[in-house]
There are 6 protein chains.
Amino acid sequence: MPRCVVTRRVHFNAAHRLTNPRFSDAENERVFGVCNNPNFHGHNYNLDVSVEGEIDPASGYVMDVNRLKEVVTECLVRHLDHKNLNLDVPWFQDLNPTAEHIAVVCWRVLEPAVKPARLVRIRLWETERNYVDYHGT
Amino acid sequence: MPRCVVTRRVHFNAAHRLTNPRFSDAENERVFGVCNNPNFHGHNYNLDVSVEGEIDPASGYVMDVNRLKEVVTECLVRHLDHKNLNLDVPWFQDLNPTAEHIAVVCWRVLEPAVKPARLVRIRLWETERNYVDYHGT
Amino acid sequence: MPRCVVTRRVHFNAAHRLTNPRFSDAENERVFGVCNNPNFHGHNYNLDVSVEGEIDPASGYVMDVNRLKEVVTECLVRHLDHKNLNLDVPWFQDLNPTAEHIAVVCWRVLEPAVKPARLVRIRLWETERNYVDYHGT
Amino acid sequence: MPRCVVTRRVHFNAAHRLTNPRFSDAENERVFGVCNNPNFHGHNYNLDVSVEGEIDPASGYVMDVNRLKEVVTECLVRHLDHKNLNLDVPWFQDLNPTAEHIAVVCWRVLEPAVKPARLVRIRLWETERNYVDYHGT
Amino acid sequence: MPRCVVTRRVHFNAAHRLTNPRFSDAENERVFGVCNNPNFHGHNYNLDVSVEGEIDPASGYVMDVNRLKEVVTECLVRHLDHKNLNLDVPWFQDLNPTAEHIAVVCWRVLEPAVKPARLVRIRLWETERNYVDYHGT
Amino acid sequence: MPRCVVTRRVHFNAAHRLTNPRFSDAENERVFGVCNNPNFHGHNYNLDVSVEGEIDPASGYVMDVNRLKEVVTECLVRHLDHKNLNLDVPWFQDLNPTAEHIAVVCWRVLEPAVKPARLVRIRLWETERNYVDYHGT
C-alpha cells in the first residue's frame, strides 16, 4: 500500500520568558535579549503535526485528520493555550521554553498518542517568519 | 552540477464525498462523519508539485516553472477543476477521494509527464490547516 | 465612548452549483460556465463577520470575539459546513448560491443575532483570490 | 490631486491579561474566560496603519511607507514589542488591554505623528482570525 | 435589489525605479533612497479590483468574477506583467511609478471597462506589508 | 541532545532578466519567454534559511533566530535588496539569475557563516506560487 504523510495545523496563544536560572542577569540579557523580559511576552503559536503510515484500504486514510486534531487538542493544546509556559505548564518547570524545547516536548507527548500512525515531524511556528522542526532524534 | 527541487502551486475547486460502498451506512457515518454527506461537500484544493533534477547549465533551470504549470494544468487541473470527484472523474470511480488517494492519483498521472525531471513530492492542501504529502512509495 | 469594528473569521466547506431554472441549458452554460456543472463543485469558504459598536467601559469589548464566533457558528456554520448548498440548505431552495446571495443570506440571518452590536459587513471569500462584501443595503 | 490611502503593516509580540479590577474574581472569569489567566498569555500582533492624503506631485507619495514604518516603530512598536502590556506599558496601567483598547491607544499616539497625512484607520490583528478597526471616533 | 461589492485579485511582476527628473541626484537619493537605484528593482504586485452594483436577479451576480478577471487581465495585466514600468509602459513615461500612481493609472484604465458595474476601489500591494487604496477622487 | 532544524524567513526586492549570452535572440526568447525582457522585470523574493544542530543545553537554542537573521541580512540581503541582480550583483556577472542559481549562490555564501550550525536548506520563493529548494549537493 502507498504511504503518505498527513499534516494538521493547530494553534495556541501563550506567554513565555526565555531564561536560564544558572546564568547571571547580565548573561541572560546577553543571550536572550528582549526575550528575557521578566514580565514575559507572548506569541500566537502554530503547530503543524505530521504523521506517516500506509493508506488504510478500507477508509483511504493514513489517519483521519479530525481524529489527529482531537488527539493534538487533548494532548497538547488544552495544556498550552492561553497559558504562561513558564508558570502554568509543568513540562517547562525546569526547561527553558524556547521554540526548540517546545517542539521536543510536543513530540514526546504526542508520539505514543498517534499510534499506529508514526509521528514524523513537529513544526512549531513562533512567528510568521520563524519556525523549528523536530524529527525525533 | 548542483541539483535543486522546484515546486509549483496550482489550485482547483471540486466537490467530493467520502464513502466506502462495502461499509454499512452506520459504518460510513462513523468513519467519515460529515464528509459522508450523500449530497457532497467541497474544497478549494491547492496542489504543490515538486520536481528534482540537475540545473541545466544552458538555461539555469531544473525545469521551467511555467512549463511545469502547463504540464500540471493539462494532466491534472483540467480533469479536476470544477468537478465532482466521485461522479465526474474516472480515476475515482472505484477509489474513495480522500486527500491521500487524490495525492497518489496525481503522482501516478504526473510522474511520466515531468521527465526528464524527477517527481519527488505531491503535496495536496484540502484546507488551510491540513495537507497530505506523497513521495511515490 | 470610542466605537470600533470587530471582525471574526470562520470557515466552512460546501458544494454548490450555479444555475437558474428559468434559463435554458445553453443559457446556463453561457452564464455560469464550469460553475454550472450539474454534479456540483465546491469551495473552502472563509466568512469574515464585522460588528460595530461602542467599547463597553466595563469589559473593554465591543463584543467578545469568542461570543461572536459562537453566534456565527450556531446561526450559520452548522447549517453550511460540509453541506450541498443547493440540496441541503433551505435558504437556497429558490436562490442561486452565488457568493453574492450567500453573503446576503448570512447578513439576514446574523443581523438580529449579534445585537446590541450592529452588523456592518459580511465578507465571503470563495477562493483566495475573490470575495464579496455585503453591507446590508 | 488624487487622494490615496497608504497602509503599512508592522508587528509586535506581547503578553497580556484581560481583567477589570472592579469585577469579582467570578465576574472576571465569566467575562474574560481563559483571557483572564493571572499569569498572562500572549499574541503575535499585526498592526495595519492607514494614512490618507493627496499624492504629492513631486514625490508621487502620499507618505513614504518607509517613513511611515519608522514613525510607527518609534511611536508604538518599541513600546509594545516583547512587553507585558499590563505591567510594562504605562498606557495600560488603568486600561484593560483588549484589542479595542490597544487600537484606540495606537490611534491617539500615532495621529499627531503622521501629519500632514491624516490617520484614517488602525487595524489590530490579535490572531489570524480576528481583528479590530478604529477610525478615530 | 441588494447591492454588493465584488473583489478579484490579480498579480503581475515588474521592475521599476522611483525618480523625479526635476530633482537633483542628491534629492532623488534623499527622497527615494534605495528605490532610486538607476538599475531598477522589482516587485510581485498584487492588485485587488473591487466593483459595486446591484445583484442581477437572473444570474445572482453583480459581475461574474471570471469576466472581471478577464477585463483586468486584458486592460492591465498584459501591459504590466514582466515589464519595466519606467521603460516599457507608456502610462509611466512622464509619471513616477510609485504605488500611488500605479493605483491611479489602474483606476483610470479600468473604470470605463467594468461598466455597468461601478469601480469602487483599486488596492495595490507592493509587498506583503504595504498597499495603497485609490477610490477615484 | 536532540537535534532541530531552525528556519528564518527574510525577504528582498530585486529586478532581474533571464538570458544566456551564448543563445541567439530567438533562442533566448524561446527558452525564457517574458522573463527575457531586456528591460528587466522583478520580484519580491522570500528566502527561508534552515540550519540544523544540537540544542545547546545552556540556551535551549540550536541557533538564535535573531542571530540567524542578522547573518543572513549581512551576508545576503544587503547585497540583493533593491538591486538589479544582473547589473548590480557581482555573483551574477556570469551566471543567469534563475531561482535555482540564486538559491545555489545563497547557499555558498551562507554555509560558512552559520557555523557551527549546519546549513541544510535554502528555499527561495520567487512568487507566492513557486519556489526552489537547494540542499547543497
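Remarks
- Filtered by the rule that a residue be aliphatic (A, V, I, L, M), more than 14 Å from chain A (Cβ to nearest Cβ) and not in a loop (DSSP other than H, G, I, E, B), segment D:1-26 gives D:Val5, D:Val6, D:Ala26.
- Residue in segment A:37-49 that is of a type outside the set (A, V, I, L, M, F, W, C), surrounded by 22 or more Cβ atoms within 10 Å (Cβ to Cβ), in a strand (DSSP E or B) and more than 16 Å from the chain's Cα centre (by Cα) present: yes
- C:Val71 vs. criteria within 13 Å of C:Leu110 (Cα to Cα) and not in a loop (DSSP other than H, G, I, E, B): yes
- Within segment C:112-137, the set of residues being touching a Ser or Thr at 6+ places or on another chain (Cβ under 9 Å), among the hydrophobic types (A, V, I, L, M, F, W, C) and surrounded by 20 or more Cβ atoms within 10 Å (Cβ to Cβ) comprises C:Leu119, C:Ile122, C:Val132.
- Check on F:Asn37, at the interface with chain E (Cβ under 9 Å from one of its Cβ atoms) and polar (S, T, N, Q): yes
- All conditions but one from (1) within 10 Å of the chain's Cα centre (by Cα); (2) surrounded by 19 or more Cβ atoms within 10 Å (Cβ to Cβ); (3) within 28 Å of D:His16 (Cα to Cα) apply to A:Val109; the one that does not is (2).
- Filtered residue count, segment C:93-135, keeping only those that are touching a residue at least 12 places away in the same chain (Cβ under 8 Å), within 12 Å of chain B (Cβ to nearest Cβ) and not polar (S, T, N, Q): 3
- Count of residues meeting criterion [farther than 25 Å from A:Cys35 by Cβ and touching a Gly at 6+ places or on another chain (Cβ under 6 Å)] in segment D:26-62: 1
- Candidates A:Glu29, A:Glu52 - the one that is modelled with pLDDT of 95 or more and either within 14 Å of chain D (Cβ to nearest Cβ) or part of a helix (DSSP H, G or I) (or both): A:Glu29
- Top-ranked residue of segment A:62-73 - restricted to ones that are in contact (Cβ under 8 Å) with a residue 24 or more places away in the chain and not polar (S, T, N, Q), ranked as nearest to F:Pro57 (Cα to Cα): A:Val72
- Count of residues meeting criterion [of a type in the set (A, V, I, L, M, F, W, C) and over 20 Å from E:Thr73 (Cβ atoms)] in segment E:100-137: 1
- Taking segment F:74-92 as the range and being in a helix (DSSP H, G or I) and either more than 9 Å from every other protein chain (Cβ to nearest Cβ) or in contact (Cβ under 8 Å) with a residue 12 or more places away in the chain (or both) as the test, the residues that pass are F:Glu74, F:Cys75, F:Leu76, F:Val77, F:Arg78, F:His79, F:Leu80, F:Leu85, F:Asn86, F:Pro90, F:Trp91, F:Phe92.
- Within segment A:55-65, the only residue that satisfies the criterion of being part of a loop (DSSP other than H, G, I, E, B), in contact with a strand residue (DSSP E or B) (Cβ under 6 Å, 6 or more places away or on another chain) and under 21 Å from A:His11 (Cα atoms) is A:Met63.
- All positions within segment B:63-85 that are touching a Pro at 6+ places or on another chain (Cβ under 6 Å) and among the polar types (S, T, N, Q): none
- Restricting segment A:112-137 to residues that are in a strand (DSSP E or B) and of a type in the set (D, E, K, R), the residue that is farthest from A:Arg22 (Cα to Cα): A:Arg118
- When A:Met1 is tested against (1) at pLDDT below 95; (2) surrounded by 19 or more Cβ atoms within 10 Å (Cβ to Cβ), just one condition goes unmet, and that condition is (2).
- Looking only at segment D:50-99, and only at residues there that are of a type in the set (A, V, I, L, M, F, W, C) and open to solvent by 70 Å² or more (accessible area, probe 1.4 Å), the one that is nearest to the chain's Cα centre (by Cα): D:Trp91
- Per-region count, segment D:9-30, residues crowded, with 18+ Cβ neighbours inside 10 Å, of a type outside the set (S, T, N, Q) and within 17 Å of D:Asp94 (Cα to Cα): 4
The values are calculated or read from the model by the stated rules, or taken from the named source; none is laboratory data. Values in this document were obtained by computation on a predicted structure and should not be read as measured data. All Cβ positions, glycine included, derive from the backbone under ideal geometry; neighbour counts span all protein chains shown. Ligands, DNA and RNA are excluded from the accessible area calculation, which covers all protein heavy atoms including side chains. Shrake-Rupley method; radii C 1.70, N 1.55, O 1.52, S 1.80 Å.
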